[in-house]
Structures are given as structure tokens and as C-alpha cells.
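The values are calculated or read from the model by the stated rules, or taken from the named source; none is laboratory data. Since the model is a prediction, treat every value here as computed from it, not as a measurement. Virtual Cβ from ideal backbone geometry, glycine too; neighbours counted across all protein chains shown. For accessibility, only protein heavy atoms count, side chains too; no ligands or nucleic acids. Shrake-Rupley method; radii C 1.70, N 1.55, O 1.52, S 1.80 Å.
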Amino acid sequence: MPVHVFQTFTYKLPENVREAAQPGMRILIPLGRSLIAGYVVGLHNELPADLDVTEAEIKEASSLIDEVPVCTPEILQITKWVADYYASPWGEVIKSALPPGTNPAIREAIRITDSGHAKLETIEEDSSLEKQILLELIHRNTLSKDDLSHVAPTHQLIRTLREMENRGWITWEKVQGHAPVKTKLRRVVGLRQPLTDIESERLTEGQRRVLDLMHDRSQLSVQELAKTASVNVSTINSLAKRGILEFATEHVRRDPFSSPVRDEPEHYKLTDAQTSILEEIEASLTKQEYSAFLLHGVTGSGKTEVYIRAIQRTLALGRSAMMLVPEIALTPVFSQRLRAHFGDQVAIFHSSLQRGERFDEWTRVKNGEARVVIGTRSAVFAPVRNLGLVVVDEEHESSYRQQDSPYYNGRDTAIVRAQKESATVILGSATPSLESFQNARTGKYQHLALPERIGGRPMAEASIVDMRKVFARHGKPQVFSDELLEAIRTTHDRKEQSIVLLNRRGYSSFVLCRSCGETIQCPNCDVTLTYHRTERVMLCHYCNHRQPAPSACLACGKKFIYYVGEGTEKLEELLKELFPSLRIARIDRDTSSRRRQFEKTLTDFSQGRIDMLVGTQMLAKGHDFPNVTLVGVVSVDAGLALPDFRSAERTFQLITQVAGRAGRGDRPGRVLIQTYHPYHYALRHACAQDYEQFFNEEIVYRQNHSYPPFVALANLLIHGNDLGRVRSDALEFRRELDKANSERLCRILGPAPAPLARLKGEHRFQILIKSRSRRQVRTVADAALKSIGDRGLNLRFFNLEIDPLSIM
Ligand code: ADP
Ligand code: ZN
């Protein structure tokens, strides 16, 4: 349902669809003056008791869209949970569970009325336009305006139709058209029966070629056949007319795997650690009850191998498996590996698939052809039947959180889905989220550890470069420390590769006029614009506003424009100047918007055609480059300074991930981290690769300051165009929250301007609600939202976010 509604609606079913209707089907329903697609979520014979209308007031639904439900009972169940838990509209959640582009178009159509029929009898003149239109309408049930384009020029047709409508001869109605995305079919030919001798004597040369080709094949597409036999399609048609060939339609599968499939999967002998972990998982799979594992293993410790074995086991038990991965960038690697093991049993789900591919993969899962699903967060809604295993890899990743409506966390949804469907869930990470590790400590999850790399390969040696000392040495700020430059030099002297990271794309972080101090702000957001040199534009990283880069200050007109701070684009340029003999490429959101380009750069790097990669944290994840022995992190300070309770956790994770990129092969790796905060605990523990020490320190901070996992958190964002209005709405909301919180079970903070106080032209205030009781947070927030809504304020401007990952 495209409309942003929170309640369900009740409709009367027309007589002719009552038998066929089932929950999970889509149905066309009138809403206001338009016709829209809705989802049947329940059927009742009596009016529900809590419904505040009489039978006469209930509108009638139009027609069913589907012959079989598009939502399985499991999908209805999990989407309902998401809608309730995250306070999201159920229809929106269902919509994101289905492949996009499959809702039918609604078009306007004309139908003849009774008085139209009567009128037709009386028109004598055959050339009358009215008569022609009415006749056409009798032959076909409904017609669109375009269907009539041959009877008159458009303007005349429109005028006539309007008159005919005014006289009551025709009516306009809305009818269901085609969906933009559907099963792809092609016409194929097959041999009907062996030829009789007489028939084979009466063949032309071309016909004989066609039949020879058909001889050992069951079906061929018409185009293919005509081309290979070098005949016209008419030759094939005539054979079909004679009953020798027959036509059929066949499904064409659109396959999202771009590169050729690696044919032979690797078969390792599991290590002892892997074996004992797998035994525990298998025991749980066999029981077919819900249980959850946290697989805590450093990068390269063989987690993926464990997932693969667990999936094999699941399939052997006759059940299906689902594996969630955080980023698109990871899926080619993983999905190739899974495909090598499971072949066509694997379906892949992620948002950069074409819509047709996505639809076909979804269909293969729904009809049970594919029993292993791999994909990003929305794959949690894949219509898998008989789910036995759910794997969430890199469970700590923030990309599991959907950042706009419907808000949900794919990891948490996966856990709930496993619970509801009695499946086993494995959360895997080298740096578990604080929540998950705490759950493992309290026994909610079973903790499984893989503390060592496969083959005893050493972890990379990470060290901190104190940039304050570098500053003192040079008397001015440096982008690269002497230590990092030296390390780059020696690495490449040994013909090894390196990665240089900075979590900021673009050329410079902002532009400053040295004469008057003016900076260039985004007109829509409370941030400065970033200079992107390749495109010569100033770009807002939040709303994508772009404007030409200035040659003079916009405020004072002087030419003292100065670019402050570095982005990846500038790093690339500086490094190319410093190391002219190295082949350097950049990977960030600017260079990788094209999937092929991105994959090509990664391939070139892994095959040694590129020496150094410069990029954002996109580079820190998942990839396995055995010849990389150096990773330099230019700065982590911006990340540490973010006003967010997870900033230390994020920085710790980032560095640990990065360290996992170095020394994957036989040679040891080195990681250098440049910072002005060398004693920060997240950095110290990350360098020592000591997760538990970090956890122990961080968990105390969370407890002392009442942050998750010790409290449930909700963030209410009030936004709108008018600052005064937003502020007063926020204050109003706070008063309602206080009323609902009379027992003081929640702590309420704010309203305060959100850290990003203006975004995409809107002002933003936020209120934080914390409580040890998760239920209380919702009770209080829901009550306040209800009073606000009852008073006629538009709830679209009040966004409730449950379990926000960040509070920025
Ligand atoms: P992780 O997912 O923890 O990063 P992987 O499962 O990708 O680890 O394993 C790291 C590397 O070791 C991969 O190249 C993998 O093919 C290899 N590997 C995994 N298990 C074994 C094993 N039992 N014996 C030998 N090599 C293995
Ligand atoms: Zn902006």
C-alpha cells in the first residue's frame, strides 16, 4: 500500500471473489477517490466488534490482483511484528518485503452505460463519431482513451467523450492494468512428432535445416532457431502450420550472477575449533527449535566455512537457510562462494539487482526452487518456506538498520523470525555489537569463539602514530606522518600492496575564505558543502545539493578561497604526487556508483594491476587481498568526536576491520593509525586487538550513562519547514510525554535541536526516551502520539524511531 497509514481497513468483498480471497493476496480497493492496491491480512464473516462503523458504511473492494497469495503466512507474521515493534505502517513493511515493480498500474477506462446502449439504437448515421465510439465499447468491455485514438484526433476525441459522459452514455472507471515487472517469457518451438516419409520428402532446403537443428533438442527460441538455421521466421511458421513444429511459451530466468560461476568449491578439513562449533550448531539444527549463537571470531578465522557447513546440514535436514550480509560490496564474494557450493539452490537478494532479476530470484524462493537465500537486510523478508537456519554475518554493522520508513533492523528482525519459525540463528562478527556480546554473557545467546586465524597466520600488527608529535616535528599540520610514508615506501619496495583509508569522500571537507572567514553552507542543511574536484562542484553529503565551485568568496568577492581538510579525492592526488611510480586507484561512493567499475577496480587490485587503493571504509570490509601488507588510516578523529554514544564502538570496529585487511596471505601485515588522541581507549584496545578489554570498559560507560544495552531507547524526531512551529510542536509533545509518564518509569530528554538541526530544508528537534522497561517506552510514546494526533496535528512530522543506532 503506497499510503502512509498505520491502521488496517475493512472492506466488503464482492460476491465473485469471496471464495478465492485468501490472506496474503493483493486486492484493489477504493481509498478516497482513487483505487489502490492493498493487502488482504485477514478475512472475517462478521463485522469485527471493535470496528466503529455500520455495515452500510463499509466500502466494497474492487477485485483481487493475485490468484495465489504473494505473502506467505510467515511473511505476514514477520511484517506484522516489524510494524508493531518499530511503529511502522504494516502496508509499507509488506511492500518492502515484495519485489518492487509488481503492483499493477491503475488506468482510466471507459464503459458504456444503459442509456448509452439505448442511444446507440437511435443513431442512424454511420459516420457519427458517437456511434463509432459506442460500437467499439460494445465489442470490448472497457477501453482506454488511447484505444480510441484511431477514431478521431485527440482534441476532438476528448471533447466528444466529455459530452458523452455529460449525457450519461458512458462512464469513466479505474481498472487494473499491467505490473511493470513480471515473468519474462519467450516463444519457443518444439518438434511435434516424428516426420512421416511423405512429409520429409516435401521439405525445402531451409525447412530441412530447421528440422535437423531441432532433431536432438527439445525446445529452441524462435529467434535463435531462425538465426542458426539462417531462415526467415516465416519458414518456421509454415512448418508450424503443417503441424510439424509447435509453439510454446517458456519462462526466461534473469540471473543476477554477473561473473562466471567458479565451478569447484573448496573442501577443507575443518580445524578442531571449527569442528566443535559445528557440532553445537548441528545439535541445535537437529532439534528444530529456536536457539541463537554468537560466533565471535577474528577475521580470517574460518567463520564463513562454518556458515557453509551449517547451511549444508540444514538442507540435508530438508529445511531452508538464509544468510544476511551487510553490504552490496560483500555479496559478489560471498555469493560466488555459496554458489560454488549450492549451485542454483542459491538465490541472491539486494537492491542493486535489476527489478526483473529481483523478481525472478524472489519467485524461485517462493516456489521452493531456491532454498538458500543470501542478501542484504531486506532479504530477511524472503518468502523462504520451512526455515531452519538464519545467519547474520557482521552482525554489528549499522547497515542492517533501515534509515527511512519503514524503520527496522534486519539483524533483530532475523532473530525474531528465527524465533517464530523455530530456526537456529548464528550471529557472526569479529567485533560483536555491545548488545549481542552482553546477550552472550547473560546466556541469551550461546557464545562460540574462533580466536585464531586459519593456519595460525598472525594478526596484523597495529600501531598508533601520534600526530601531535608529527605536528611538533614539522611545525605545521601534516596529512601523512613520516612513519606512514616510510611504511608505504618499504612495502612497495618489497612489491607488496597497500591500502590508505580515510572516512571522508570528496576533495576537501569545506571551503573557507581567508579574507572574511566565510564558509559555504548547504542551503538546505546545517552542514558545510564538500568540494569535489573531479566534478568541480560543491556537494552536500546529506541532501545531494550541488553548486559550482566558487573562484572567489561568495561573501566578500576576494580570491582567498582556501580548501580545508582532506577527503579521499585529495589523498589520491597527494599520494600520486608523492609516489609517481605507483599505480593508485580510489574507491568510495563517488567512484563506485557504477557496480561494474567498482568490481573491476577490486579485481585489478587483487590481480596486482593496481598497487595501492585509497578510499573510505567501504574498503575496510570483507575483501580478501593476500598481498596487502600495509593499511594506513589517515585519521579516525572525526569519527571519535561524533556526539553519539556509539562513536567509540564504531571506531573500535572500524580499526579492527581494517586490521583484518592486512596480512591475509603468508606475509605479516602492518596497520598504522594516525590520530591526535593516541590514548583513547577505543584506539588502544583496537591496536591490541583485544575485544574483551574494550567491551569491559565500554559497558561501564553505557551503564553509567544509561545507554543500550541497559535501557531501551527511542528517539522522537519532530521536523518541519517552520522553525517556530517545529519548536512549539516539540514542546507540546514533551508535555504529552510527561502526562503519559506520570509513574516516571521513563527518562525523557529534550526537546533539543537535533545534531543535524536542519536537513533537506527542514528544521529538526529531537526528544529521547529511555527506560529499563522496553514496554514503557512504547506505552508512553504511543500515548503521547495519540493525543497529538487526536488534536489534529499531522503525525507525519513526528517520527518515532525505536532502537535508534545513532542519535544524530
Ligand atoms: P572469516 O569468515 O572468519 O573471515 P573464512 O571462512 O573466510 O574466515 O576463512 C578464511 C580463509 O581460510 C579463507 O580463505 C578460507 O577459504 C580458508 N579456510 C577456512 N576454513 C579452512 C580450513 N578448515 N582449512 C583451510 N582453510 C580454511
Ligand atoms: Zn544539504
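Below is a table of values for the structure above.
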{"read-out": "Hits in region 722-756 - residues which are touching a residue at least 40 places away in the same chain (Cβ under 8 Å) and either within 25 Å of Arg775 (Cα to Cα) or buried (at least 16 other Cβ atoms within 10 Å of the Cβ) (or both)", "value": "Val726, Asp729, Glu732, Phe733, Glu736, Leu737, Lys739, Ala740, Arg747, Ala754"}
{"read-out": "Subset tally (residues that are under 27 Å from Leu31 (Cα atoms) and part of a helix (DSSP H, G or I)) for region 100-136", "value": "1"}
{"read-out": "All positions within region 279-318 that are surrounded by fewer than 20 Cβ atoms within 10 Å (Cβ to Cβ) and among the aromatic types (Phe, Trp, Tyr)", "value": "Tyr290"}
{"read-out": "Residues of region 520-540 satisfying the condition of being open to solvent by less than 60 Å² (accessible area, probe 1.4 Å) and under 24 Å from Asn721 (Cβ atoms)", "value": "Ile520, Cys522, Asn524, Cys525, Val527, Thr528, Leu529, Met538, Leu539, Cys540"}
{"read-out": "Residue match in region 692-709 (condition: without any contact (Cβ under 8 Å) to a residue 60 or more places away in the chain, over 12 Å from Glu649 (Cα atoms) and aliphatic (A, V, I, L, M))", "value": "yes"}
{"read-out": "Residue in region 178-194 that is more than 30 Å from Arg364 (Cα to Cα) and open to solvent by less than 70 Å² (accessible area, probe 1.4 Å) present", "value": "no"}
{"read-out": "Pairs with Cβ under 7 Å, 6+ apart, first in region 400-422 and among the hydroxyl-bearing types (Ser, Thr, Tyr), second in a helix (DSSP H, G or I)", "value": "Tyr400/Arg377; Tyr400/Gly410; Tyr400/Arg411; Ser405/Glu92; Tyr408/Val82; Thr413/Ile78; Thr413/Val82; Thr413/Val380"}
{"read-out": "Among (1) farther than 26 Å from Val470 by Cα; (2) within 16 Å of ligand 1 (Cβ to nearest atom); (3) surrounded by 19 or more Cβ atoms within 10 Å (Cβ to Cβ), the one test that Gln657 misses", "value": "(1)"}
{"read-out": "Total residues in region 360-375, condition in a strand (DSSP E or B) and more than 15 Å from the chain's Cα centre (by Cα)", "value": "1"}
{"read-out": "Condition met for His719 (in contact (Cβ under 8 Å) with a residue 24 or more places away in the chain, within 16 Å of ligand 2 (Cβ to nearest atom) and not in a helix (DSSP H, G or I))", "value": "yes"}
{"read-out": "Test for Asp52: is it modelled with pLDDT under 80 and over 29 Å from Ile415 (Cβ atoms)", "value": "yes"}
{"read-out": "Helices (runs of 4 or more DSSP H) (entirely within region 233-320) containing at least 1 residues that are touching a Phe, Trp or Tyr at 6+ places or on another chain (Cβ under 8 Å) and within 16 Å of ligand 1 (Cβ to nearest atom)", "value": "272-287, 303-316"}
{"read-out": "Residues being of a type outside the set (A, V, I, L, M, F, W, C) and away from ligand 2 (no atom under 16 Å from the Cβ) - total across region 505-522", "value": "6"}
{"read-out": "Per-region count, region 59-99, residues assigned to a strand (DSSP E or B) and out of contact with any helix residue (DSSP H, G or I) (no Cβ under 7 Å at 6 or more places or on another chain)", "value": "1"}
{"read-out": "Tabulated pairs, region 309-322, first over 23 Å from Lys269 (Cβ atoms), second open to solvent by 20 Å² or more (accessible area, probe 1.4 Å), C-beta under 6 angstrom, 6+ apart or interchain", "value": "Arg319/Asn386; Ser320/Arg371; Ser320/Asn386"}
{"read-out": "Of residues in region 448-486 being surrounded by fewer than 17 Cβ atoms within 10 Å (Cβ to Cβ) and of a type in the set (Gly, Ala, Ser), the one nearest to ligand 1 (Cβ to nearest atom)", "value": "Gly455"}
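Condition check ((1) farther than 28 Å from Thr102 by Cα; (2) touching a Lys or Arg at 6+ places or on another chain (Cβ under 7 Å); (3) open to solvent by less than 90 Å² (accessible area, probe 1.4 Å); (4) touching a residue at least 60 places away in the same chain (Cβ under 8 Å)) across all residues:
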site	(1), (2), (3), (4)
Gly32	no, no, yes, no
Asn45	yes, no, no, no
Glu57	yes, no, no, no
Glu60	no, yes, no, no
Val68	no, no, no, no
Leu76	no, no, yes, no
